[in-house]
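Colleague: Quick one: the structure is below, questions incoming.
The values are calculated or read from the model by the stated rules, or taken from the named source; none is laboratory data. Just so it is clear, the structure is predicted and the values come from calculations on it, not from any experiment. Glycine also receives a Cβ, built like all others from the backbone with ideal geometry; neighbour counts cover every protein chain displayed. Only protein heavy atoms, including side chains, enter the accessible area calculation; ligands, DNA and RNA are left aside. Shrake-Rupley method; radii C 1.70, N 1.55, O 1.52, S 1.80 Å.
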Amino acid sequence: SEGSTDDLKKAGDTDTNSTVPAKPSFEAVGSVNNLDPQKPTVAFLDNFTKDWPAASLDGVNNEDAKISHGEFSAMAAEHNGFNALRLELTTDRAKDIDFAKTIDDVGKAIDDGKLPLGKGDVLNISAGNNDPTFSEASKILGFQVTAENLKEMRPKILERLGELSNDPAQTDKDRERFKRVVDTNASIDRLQARGIEVMQSAGNEGPNKF
């Protein structure tokens, strides 16, 4: 199915309890139509319109290459035979992003026929929130988490965070943060259940952080 840029500009409006439209989680940059049906599609969530500092390409600092992670990734995808959709995040990047809502809004846009993603396609999230180190996370959770056992420990981590999100001994801010992690993972699982892979950029702060 196909949608228009105007349609996608309303894709994040999921607030049904208010007469004031909710701010969209994202807006399309350009058209989402005219995709090659023979190619898989990758949707990239990022701030494409921000004036980014010069990127380092192949180890060489190029003062003219002021592009975002999402734009660079989209260009690479197109070069390698994928359709690329650019979705501009409307969230204030100075604050933590509610990725659960954003990912669910992607699912809603697909259901409403406004975003042409389906089985075999990919959602790439070129943004993130501040993560703890593995040592900090282990202290919060009460058991050891490392880069090596992270995948194996995922169910236990989410179970424990769910418990902490309802623990009155935690601060309101921490309970909200723990709940957001659990909700985001549930949103990822729902989208992946449709056959859409979800990928997120990581590693900017080194190998000792999530």
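Colleague: Could you list the GluC sites (Glu not before Pro) in segment 90-184 that lie in coil according to DSSP, counting only those with at most 12 other Cβ atoms within 10 Å of their Cβ? The partial results should precede the final answer.
Modeller: Working: sites: 136, 148, 152, 159, 163, 176; in loops: 148.
Within segment 90-184, the qualifying GluC sites (Glu not before Pro) (loop, at most 12 other Cβ atoms within 10 Å) are 148.
Colleague: Taking amide H positions as placed 1.01 Å from N in the peptide plane, with prolines and chain starts having none, which residues 5 or more places from residue 26, or on another chain, fall under 5 Å of its amide H?
Modeller: 12, 90
Colleague: Taking H placed 1.01 Å from N in the peptide plane, check which residues at least 5 places from residue 85 or on another chain put their amide H under 5 Å from its amide H.
Modeller: For residue 85, the qualifying residues are 42, 43, 44.
Colleague: Based on the Cα gyration tensor of segment 73-210, what are the three equivalent ellipsoid semi-axes, each the root of five times an eigenvalue, rounded to whole Å and given largest first? Before the final figure, lay out the partial values.
Modeller: Numbers: eigenvalues 163, 61, 43 Å².
Three semi-axes, in Å: 29, 18, 15.
Colleague: Can you give the FRET efficiency to the nearest 0.05 for residue 173 and residue 34, using r as the Cβ-Cβ distance and R₀ = 30 Å?
Modeller: Values: r = 45 Å, r/R0 = 1.49.
The pair residue 173/residue 34 has a calculated efficiency of 0.10.
Colleague: Which percent of the accessible heavy-atom area of segment 79-166 goes to carbon and sulfur, probe 1.4 angstrom?
Modeller: Values: 2170 of 4530 Å².
The C+S portion of the solvent-accessible surface of segment 79-166 is 48 percent.
Colleague: Given the pairs 156/179; 173/209; 114/179; 39/179; 151/209; 95/119, which are separated by over 25 angstrom at their Cα positions?
Modeller: Working: 156/179 15 Å; 173/209 21 Å; 114/179 29 Å; 39/179 37 Å; 151/209 14 Å; 95/119 32 Å.
Too far apart for the 25 Å limit: 114/179; 39/179; 95/119.
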